[in-house]
Structures are given as C-alpha cells and as structure tokens.
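The values are calculated or read from the model by the stated rules, or taken from the named source; none is laboratory data. Note that the structure is predicted; figures quoted are calculated from it, not measured. We place every Cβ from the backbone using ideal geometry, glycine too, and count neighbours over all the protein chains shown.
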Amino acid sequence: MFKTLQLTEDNGVAWLSLNRPDKHNAMNLAMIHELIDVARRLSRRRDIIAVVIRGEGPSFCAGMDLAGIFSRPRDKFYAFTQLVRPTQGVFQRVNLIWRQLPMPVIALVHGHCYGAGLQLALGADWVFAHRDSHLSLMEGKWGMVPDMGATVTLRGRLAPDIAKELMCTARILDATTAQSLGLVSHVHDDPQAAVISLLHELRLRSPDAVAATKRLVDRTWLGGAWHSLLTERYWQIRLLLGKNHAIAVERNRKKSETPFQPRDLL
C-alpha cells in the first residue's frame with residue numbers, strides 16, 4: 001500500500017513507521033506525500049485513540065534526502081515551487097498536519113533525529129526518546145534555516161534565544177539535554193514501553209475529553225486570557241452534551257467498565 005511507510009492498528013492505536021531504514025528514514029517526496037495522506041485518513045477515524053510515529057532501522061529520521069530530491073530535475077523544480085508558494089507548502093504541511101488530528105500523536109524517537117526528522121517529531125503532542133538518541137536542527141550546517149514548521153512547533157517549547165542558538169549552530173544534542181531544553185517530553189531506556197503505558201492511561205479516559213484537551217491547549221497556550229477562558233467554556237459545553245461524558249461519570253461513580261463510545265469530536 002505504501003512505498004515508504006508501514007501502518008498497523010492495534011486496539012485503537014495507529015502505529016505508523018517510517019520505512020526507509022537503509023537511508024535512516026530520510027524523507028523523500030514520496031514519504032512526504034504518504035505521510036500527509038495517512039494523516040488525512042486518520043483525521044477522519046473516530047475509533048483511533050492515538051497515533052504513534054516511529055522509525056524502522058537504526059534511526060527515527062536523519063533529515064531530508066536532499067541528494068535524492070536534487071538528483072531529479074522534476075523533483076527539484078517541484079521542491080522550489082513549494083518554497084515560493086504564498087500558502088503552506090508540503091514541506092511544512094507534513095509536520096504541521098499532525099497538530100490538526102483530534103487524537104494525540106506521539107513521536108517515538110531513537111537513533112538520529114535530525115532536521116526534517118526533528119521537525120516531524122515536534123509536530124507530535126509528545127516526544128518519547130531513547131536515551132541513546134541524538135537530535136539536531138541540522139539545517140544550519142548546510143547553510144539553510146529550518147523551514148518545515150519549526151517556527152510554529154517550537155513556540156512554547158523553547159525560549160527564543162535557545163531556539164536561535166540551536167538553529168544557528170546545528171548543535172547535536174543527546175536525549176537528556178534535549179529534554180532539559182524542552183525538545184523532548186520523556187527519555188527512557190525503553191521508550192516504547194513508556195508509550196504503551198501512556199496509551200493504557202489514555203484508554204481510561206473519554207476520547208472526546210482527550211481530543212478537546214488537545215484542541216484547548218493548542219489554541220490557547222500563547223493567546224490572551226479572554227480568548228483562553230472563552231475557549232475553555234466552549235469545549236466544556238461540547239463535552240457536557242456528549243455521550244462519553246455520561247459514560248465517564250458512570251465509570252467513576254459506579255466503578256463500571258462501560259466502554260467509551262467512538263470519539264464524537266473531529
């Protein structure tokens with residue numbers, strides 16, 4: 001079905017694997033288009049409670065496959081047209097589209113997570129990294145700037161001075177340092193086990209409440225107080241009118257195991 005990805009589903013979780021292990025999962029145009037296509041499909045799935053993005057082979061994603069793109073004049077021309085268009089291009093959409101999904105998205109990082117790979121991970125709601133992984137906004141090494149959504153996804157994660165320092169130096173960070181700066185949510189010797197533990201916790205909560213929380217935080221965190229408080233009330237009303245709120249109340253008051261209904265919010 002896919003040339004560069006593997007997609008499996010298990011108990012309401014979509015496990016999406018970057019599958020160019022011989023290239024350390026460096027992104028080419030085929031992978032970019034397939035990632036966008038998968039995200040669009042998953043955004044319409046009410047039965048999926050979370051998406052986990054990981055990489056096959058020795059790395060999560062070592063960046064862009066520039067050699068592959070620039071070796072074909074047609075691909076090189078297409079890439080240039082995406083840079084000069086006035087609206088969001090595919091190189092930005094591939095990393096930002098995950099923020100539009102109603103369910104949480106988790107990046108499971110190991111090995112190299114450089115450039116486009118780090119910007120993909122930053123598009124997720126949580127970044128779980130193996131203790132031995134390394135991360136970098138690598139574009140500065142090649143005389144470029146991060147142009148795949150980092151100026152959006154880094155907001156709230158890094159102070160502006162730290163963001164500029166990492167972009168200008170293309171410094172490679174170990175996972176623990178990246179976590180201390182805010183690039184990584186959690187560092188583990190077995191990050192997949194930690195992700196599975198988090199998924200278990202999410203299954204105990206209303207999928208509508210989880211979706212509303214994602215929307216609430218993303219849309220208010222850097223906004224003004226008036227808009228934030230209004231948005232809180234908006235999502236609360238929608239949840240109180242939904243069937244999964246009633247199920248959550250029943251599960252807590254009666255200690256029942258009534259299953260939640262498929263998510264109503266999209």
Item to complete: Would you confirm whether any residue within the stretch 140-149 is touching a strand residue (DSSP E or B) at 6+ places or on another chain (Cβ under 7 Å) and not hydrophobic (A, V, I, L, M, F, W, C)?
Response: no
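Each row is one residue, and each column tells you yes or no for (1) crowded, with 20+ Cβ neighbours inside 10 Å; (2) small (Gly, Ala, Ser); (3) not in a loop (DSSP other than H, G, I, E, B).
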{"position": "HIS33", "(1), (2), (3)": "no, no, yes"}
{"position": "ASP37", "(1), (2), (3)": "no, no, yes"}
{"position": "ARG40", "(1), (2), (3)": "no, no, yes"}
{"position": "ARG46", "(1), (2), (3)": "no, no, no"}
{"position": "ARG54", "(1), (2), (3)": "yes, no, yes"}
{"position": "PRO58", "(1), (2), (3)": "no, no, no"}
{"position": "GLY68", "(1), (2), (3)": "no, yes, yes"}
{"position": "ARG74", "(1), (2), (3)": "no, no, yes"}
{"position": "THR81", "(1), (2), (3)": "no, no, yes"}
Worksheet item: Does ASP75 count as assigned by TED's automatic domain parsing to the domain that holds VAL187, of a type in the set (Asp, Glu) and at pLDDT 95 or above?
Response: no
Worksheet item: Which one is surrounded by the fewest Cβ atoms within 10 Å (Cβ to Cβ) among residues in the stretch 4-23 that are part of a loop (DSSP other than H, G, I, E, B) and not hydroxyl-bearing (Ser, Thr, Tyr)?
Response: ASN11
Worksheet item: Pick from ARG205, ARG219: which is within 17 Å of the chain's Cα centre (by Cα) and not hydrophobic (A, V, I, L, M, F, W, C)?
Response: ARG219
Discussion item. Looking at GLY182, GLY123, GLY140, can you tell me which residue is among the small types (Gly, Ala, Ser), more than 21 Å from VAL105 (Cα to Cα) and in contact with a Leu (Cβ under 9 Å, 6 or more places away or on another chain)?
Written reply: GLY140
Discussion item. Quick check on the stretch 58-71. Is at least one of its residues closer than 23 Å to ASP218 by Cα and out of contact with any Pro (no Cβ under 8 Å at 6 or more places or on another chain)?
Written reply: no
Practice prompt. Given the conditions (1) surrounded by fewer than 20 Cβ atoms within 10 Å (Cβ to Cβ); (2) within 21 Å of LEU42 (Cβ to Cβ), report the number of the one that TRP98 does not fulfil.
Written response: (1)
Worksheet item: Which ranges mark the helices (runs of 4 or more DSSP H) fully within the stretch 207-254 that have 3 or more residues being free of Cβ contacts under 8 Å to residues at least 12 places away in the same chain?
Response: 225-240, 243-253
Worksheet item: What residue, of LEU16, LEU42, LEU83, LEU29, is under 30 Å from LEU204 (Cβ atoms) and either touching a helix residue (DSSP H, G or I) at 6+ places or on another chain (Cβ under 8 Å) or free of Cβ contacts under 8 Å to residues at least 40 places away in the same chain (or both)?
Response: LEU16
Worksheet item: So which residues in the stretch 255-266 are loosely packed, with under 14 Cβ neighbours inside 10 Å and either touching a residue at least 12 places away in the same chain (Cβ under 8 Å) or not small (Gly, Ala, Ser) (or both), if there are any at all?
Response: LYS255, GLU257, THR258, PRO259, LEU266
Worksheet item: So which residues in the stretch 1-41 are among the polar types (S, T, N, Q) and under 15 Å from the mean Cα position of the chain (by Cα)?
Response: SER17
Worksheet item: Which one of the conditions (1) more than 19 Å from GLY115 (Cβ to Cβ); (2) among the aliphatic types (A, V, I, L, M); (3) surrounded by 13 or more Cβ atoms within 10 Å (Cβ to Cβ); (4) at pLDDT below 95 does MET1 fail to meet, given that it meets all the rest?
Response: (3)
Worksheet, complete the sentence: Looking across the stretch 143-188 at residues that are more than 21 Å from ARG99 (Cα to Cα) and of a type in the set (Lys, Arg), the single one that is surrounded by the fewest Cβ atoms within 10 Å (Cβ to Cβ) is LYS164
